[in-house]
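Inspection log for the structure reproduced underneath, given as structure tokens.
The values are calculated or read from the model by the stated rules, or taken from the named source; none is laboratory data. If you're wondering where the values come from, they're calculated on a predicted model, not measured in any experiment. Here the Cβ positions follow ideal geometry from the backbone for every residue, glycine too, while neighbour counts run over all protein chains shown. All accessible areas refer to the heavy atoms of the entire protein, side chains included, with ligands and DNA or RNA removed. Shrake-Rupley method; radii C 1.70, N 1.55, O 1.52, S 1.80 Å.
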Amino acid sequence: DGRLTFHPGNQTVDLPSIHFMSRSGTIFLNAYTNSPICCPSRAAMWSGLFTHVTESWNNFKGLDPGYVTWMDLMEKHGYHTRKYGKLDYTSGHHSVSNRVEAWTRDVDFLLRQEGRPMVNLTGDRKLVRVMKADWKNTDKAVSWIKEEAINLTQPFVLYLGLNLPHPYPSPYAGENFGASTFLTSPYWLQKVKYGAVKIPKWSPLSEMHPVDYYSSYTKNCTGEFTKEEVRNIRAFYYAMCSETDAMLGEIISALRDTKLLQKTMVMFTADHGELAMDHRQFYKMSMYEGSSHVPLLAMGPGVKEGQQVPNMVSLVDIYPTMLDIAGIPVPQNLSGYSLIPLLRGEADSGVSPPKVSARPPWVLSEFHGCNVNSSSYMLRAGRWKYIAYGDGCSVLPQLFDLSEDPDELTNVAMKLPGVVRSLDGILRSVVNYPKVSSAVQEYNKREFITWKQSLGQNYSNVIANLRWHHDWLQEPQKYESAIDKWL
């Protein structure tokens, strides 16, 4: 959740490496994912293109393998490149459950797709390395900096992708598992200021927006939760962020030890946030701030120190920024804009250079995957967040005034039709969203039919054993009929 990197969110947990970066460089106060789920978000970041352009519809469908990313271009232009850890931007990954749930979201049924969110404390106050796989990749990156980067005659670009602070798989949740367990150790939990952990306010289930209700139900969050349970989920999540921060610290220390820190650009961001029980949901897949607002910090040569940038930016801006750093001509067809003018502090000098003024005053995020039963499109512009669904008619839109209502509890779309009309006009000028929604529906049905046919007689057994098996097995006939009706 990007709000943890600046006030007041940063009061809840100790993030020393983030604080060091914000003092030594620039922090973006309004950075957003272009799609609040792993693969489509990363596809946008690696391609510099909006989700409807790449057609990265869900966690199974990202970029084609072999797609030319900004890192590929930097390598072609003489950079030594190295990647460690999670990449997850090409098609074909993630579980069967993940893709089938995305394809069947238009089916008229409600099934829980995730395990109930829960916390798990492991080890003692000495256990620092909870997420062992991430630490292993961090160690590899540190060794590479100390043993190889230091001896290079050419410039380098190093990418380290971490899983944390993603919740962990929950074995009790069924085939393919959901990831609903917030796991940490007492070492990290002591970094959280429990008194500063805010319990989010929830609307009654009967008053929830229909898409929110579907999301909350499929995420197994419509049951009873005590305040203590909610506070713990949030605190454990913040503790996981603290462990992530320590990995960032290892990279910064390695650059400092090798005298490379002063001449290296360091950037920190995330593919999406975590609701951690905001709006009666955990996970991502939502346009609410906890899920769509991401951290983005940079420090290095030419980056203004101690700067907070209020401009709207998003992950598609990474591609042109990386090319800009390397002095590589930026293609004209990109959805994003270089952040370099903003990083240099040129935006507040009174005279906006052309590069800054070309940047639109809005950002776009969209979602077409599982846990949400409609394609959703979010336009963030100034104080407003506008969310349109599907064809723009069947489901009511949402409008939040973030300056008056930062927790997004009051949908003012009905009260302010003029603002809705204006923002919807901008949104439609960027993406013909009714047409895109229709294309996604066709894709979902086509892919599901292909998958179903590939299984032959085995279809019922397989579908009954996906993550929703607890609910499905109570009335399999009813749910199979609902799928037949949809087809």
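Given (1) touching a Ser or Thr at 6+ places or on another chain (Cβ under 9 Å); (2) over 28 Å from residue 277 (Cα atoms); (3) not charged (D, E, K, R), identify the lone condition not met by residue 423.
The one condition residue 423 does not meet is (1).
May I ask you to say which residue of 109, 6 is surrounded by fewer than 22 Cβ atoms within 10 Å (Cβ to Cβ) and in the same structural domain as residue 231 (by the TED database)?
109
Sort out which residues of the stretch 252-302 are in a loop (DSSP other than H, G, I, E, B) and farther than 30 Å from residue 223 by Cα, and write them in order of number.
Hits for the stretch 252-302 are 258, 259, 260, 264, 265, 295, 300, 301, 302.
Can you go through 108, 124 and tell me which one is in contact with a Lys or Arg (Cβ under 8 Å, 6 or more places away or on another chain) and in a loop (DSSP other than H, G, I, E, B)?
Of the residues listed, the single one that is in contact with a Lys or Arg (Cβ under 8 Å, 6 or more places away or on another chain) and in a loop (DSSP other than H, G, I, E, B) is 108.
Looking at (1) within 27 Å of residue 252 (Cα to Cα); (2) touching a helix residue (DSSP H, G or I) at 6+ places or on another chain (Cβ under 6 Å); (3) surrounded by fewer than 21 Cβ atoms within 10 Å (Cβ to Cβ), find the lone condition where residue 330 falls short.
Among (1) within 27 Å of residue 252 (Cα to Cα); (2) touching a helix residue (DSSP H, G or I) at 6+ places or on another chain (Cβ under 6 Å); (3) surrounded by fewer than 21 Cβ atoms within 10 Å (Cβ to Cβ), residue 330 violates only (1).
Answer yes if at least one residue in the stretch 47-57 is over 9 Å from residue 315 (Cβ atoms), among the charged types (D, E, K, R) and either out of contact with any Gly (no Cβ under 9 Å at 6 or more places or on another chain) or at pLDDT below 95 (or both), and no otherwise.
Scanning the stretch 47-57 turns up at least one residue that is over 9 Å from residue 315 (Cβ atoms), among the charged types (D, E, K, R) and either out of contact with any Gly (no Cβ under 9 Å at 6 or more places or on another chain) or at pLDDT below 95 (or both).
How many residues are of a type outside the set (A, V, I, L, M, F, W, C), closer than 30 Å to residue 439 by Cβ and assigned to a loop (DSSP other than H, G, I, E, B) if we restrict to the stretch 1-58?
8
Within the stretch 380-390, restricting attention to residues that are part of a loop (DSSP other than H, G, I, E, B) and under 13 Å from residue 419 (Cα atoms), which residue is most open to solvent (accessible area, probe 1.4 Å)?
Taking the candidates together, the pick is 383.
Go over the candidates 475, 442, 447 one by one and state the one that is crowded, with 16+ Cβ neighbours inside 10 Å and of a type in the set (Asp, Glu).
Result: 447 is the single residue among 475, 442, 447 that is crowded, with 16+ Cβ neighbours inside 10 Å and of a type in the set (Asp, Glu).
Kindly provide the set of residues from the stretch 391-415 that are closer than 20 Å to residue 210 by Cα and open to solvent by 40 Å² or more (accessible area, probe 1.4 Å), ordered by number.
Within the stretch 391-415, 391, 393, 394, 396, 407, 409, 410, 411, 414, 415 qualify.
If residue 456 satisfies all but one of (1) in a loop (DSSP other than H, G, I, E, B); (2) surrounded by fewer than 16 Cβ atoms within 10 Å (Cβ to Cβ), what's the number of the condition it fails?
(1) is the only condition that residue 456 fails.
Out of (1) under 30 Å from residue 430 (Cα atoms); (2) surrounded by fewer than 21 Cβ atoms within 10 Å (Cβ to Cβ), what's the single condition that is false for residue 20?
Unmet for residue 20, out of (1) under 30 Å from residue 430 (Cα atoms); (2) surrounded by fewer than 21 Cβ atoms within 10 Å (Cβ to Cβ): (1).
Could you please give the count of residues in the stretch 62-85 that are assigned to a helix (DSSP H, G or I), open to solvent by less than 30 Å² (accessible area, probe 1.4 Å) and either touching a strand residue (DSSP E or B) at 6+ places or on another chain (Cβ under 6 Å) or of a type in the set (Asp, Glu) (or both)?
Looking only at that region, the number is 2.
Looking at 278, 271, 257, which one is of a type in the set (D, E, K, R), touching a Gly at 6+ places or on another chain (Cβ under 6 Å) and in contact (Cβ under 8 Å) with a residue 24 or more places away in the chain?
278
Out of the stretch 245-287, which residues are among the polar types (S, T, N, Q) and surrounded by fewer than 23 Cβ atoms within 10 Å (Cβ to Cβ)?
Correct list: 253, 258, 262, 264, 269.
Quick one: in the stretch 203-219, of everything that is buried (at least 20 other Cβ atoms within 10 Å of the Cβ) and among the polar types (S, T, N, Q), which residue is nearest to residue 469 (Cα to Cα)?
Among them, the one singled out is 218.
Taking the conditions exactly as written (touching a Ser or Thr at 6+ places or on another chain (Cβ under 6 Å) and without any contact (Cβ under 8 Å) to a residue 60 or more places away in the chain), does residue 226 satisfy them or not?
Here the answer is no, as residue 226 does not meet what is asked.
How many residues, within the stretch 146-167, are open to solvent by less than 50 Å² (accessible area, probe 1.4 Å) and not in a loop (DSSP other than H, G, I, E, B)?
7
Residue 143 - would you say it is under 30 Å from residue 76 (Cβ atoms), part of a helix (DSSP H, G or I), at pLDDT 95 or above and not aliphatic (A, V, I, L, M)?
Yes, satisfied.
Can you tell me which residue among 176, 232, 220 is modelled with pLDDT of 95 or more, more than 30 Å from residue 412 (Cα to Cα) and polar (S, T, N, Q)?
Answer to the check: 232.
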